[in-house]
Structures are given as C-alpha cells and as structure tokens.
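A short reminder: the numbers here are calculations on the coordinates, not readings from a lab. If you're wondering where the values come from, they're calculated on a predicted model, not measured in any experiment. Ideal geometry is used to build each Cβ from the backbone, glycine not excepted, and the neighbour counts take in all protein chains shown.
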Amino acid sequence: MRGRSLMVLGTLFLAAVSSAATAESEVREFTIHVDGKHAGSYQMTITSRDTGVTVMSGKAEVRLKVLFKTYVYTYDGTEVWKHHRLEGFRSNSFDDGKRFQVAAEAAGKGLRVSVNGSEYTTRGEAWLTSYWHLPEAKYRNQPIPLVEADTGKLINGRLHYIGAERMVVGGETHSCQHYRVTGGPSPVDLWYDTRERLVRQDYMDDGHRTILQLRSVRR
C-alpha cells in the first residue's frame, strides 16, 4: 500500500506541473525560532494551476543545542491539493532519532493514510499540520480532522477564528487573519495573509516555544 500511495502521488505531481505555461509558482522562506533562539529554516514551494490543482513541497531543518545534547529535526514533504481537498501526500521526517515515512491518497469520500507501513482511513476533508493554507470557509470555527504532516498521527482538531491583526511580515506591515487550532497536545496559533497563506505559526512543543515566521516570498 505504501508503494502504491507514493506511485499515485507521483502521478498527481507530474500532472500538476507538466504544463509550465499554466502554472504559477512561489517560494516562501520561513525562519524557525525555539525559546527565542534561531534554530532553523523552513521552505515552501507552491505551484498552482488553473485546473484547481496546487502542489506544495516543504523542507525544514532544525538544529538546537539543549544543555549537552544537540536536537536535530528534518522534514521533506509534498502535498497535492485539488479544489481544497487533499488528493495525495508523502513525507519523510527525522525527529531526534525517530524516523517517519507517511503517505496518503484520496479514497472515495475518505483519505487513506499509511505511516511506516501501517494504515488507517479518515475523512476526506482532513487538513495537514503543515497549515500552509486555510481550509474552506465551512470548516472554520468547526471541528476538523488533522493529520500530522511529519508523523501521520490523527488529531481531532478544531479551528477557531481569533480576529484580524496587523503584523510585520518580511519587513512590511500587513493585514492578517489570526486563527487557533485546538485538540492536539497544545494550541497552535496561526496567522494568514490576504491570500489565506501562512505567515506565522506559534506553539509550545515539549515545553519549548516554537515560532515559524515568514521572511520572504519569491515568485
């Protein structure tokens, strides 16, 4: 099943980017801070087509020294969305010695997920914790199933709208929308720009405050 999921995702990816004339791409660079210290970076490459297909490839690397130990985290994932629904996904991650390989594909009205070879099925409207774009408006201020992008863990989440806020992004002040996700180990605060794409993420992880902040956008 894992191999089949990856094969399906590869087909979707090739279909999504096969015509450069109808594709629009951008690269979003984030800095990662843990407890106020610079710890790494995260890059999103987003390719959208007029067919409604969007591909997001994300790569993250964190390296943080805590007392006498160096914590290392890496992530490499690709998502294929069509009309706000996740069609295919794969990721490989390394989290302080633990490795995860996750794959997912749309299956009827559901989403089939494979984590290190073990499978489960959840609702088709599931959202990934890459959080790079907002889900459809009908799922805001509502319960929504979440799939952890790096571990494949299923979370019964809820997305709450907090309000409009002005914030500095890439050296400029922008009007952003503030949301909060609950249901996991700790709340996750998220800010989105006028294109409903992530510009900031703020949460606690094992007692450490972690912030992803958009630094630049290249088109």
* Given 0.36 nm per residue, what is the gain on full extension from Asp35 to Thr182 after removing their alpha carbon distance, in nm? -> 50.8 nm
* To do: Using Cα pairs closer than 8 Å and at least 6 residues apart in sequence, work out the relative contact order for the chain, in percent.
  => 16 percent
* For segment 67-219, size of Cβ-based charge dipole, Lys and Arg +1, Asp and Glu -1, in debye -> 280 debye
* Asked: Relative to the present Cα-Cα distance, how much length would full extension add between Arg219 and Ala137 at 0.36 nm per residue of separation?
  -> 26.9 nm
* Asked: How much length, in nm to one decimal, is gained on full extension between Asp76 and Arg209, taken as 0.36 nm per residue of separation minus their Cα-Cα distance?
  -> 45.7 nm
* Along the positive direction of the dipole of segment 2-218 (beta-carbon charges: Lys, Arg +1; Asp, Glu -1; about the Cα centre), which of Gly184, Ala137, Gln213 reaches farthest? -> Gly184
* When all alpha-carbon pairs of the chain are counted, what percent fall beyond 29 Å? -> 23 percent
* Asked: Per residue Cα convex hull volume for segment 38-102, in cubic angstrom?
  -> 77 Å³
* Top mean-square fluctuation among Arg166, Arg63, Arg90, Gaussian network model of the chain, C-alpha springs under 10 Å? -> Arg166
* Asked: Per residue of the chain, what 222 nm ellipticity follows from adding -39500 (n - 2.57) for every DSSP H run with n ≥ 4, rounded to the nearest 500?
  -> -2500 deg cm²/dmol
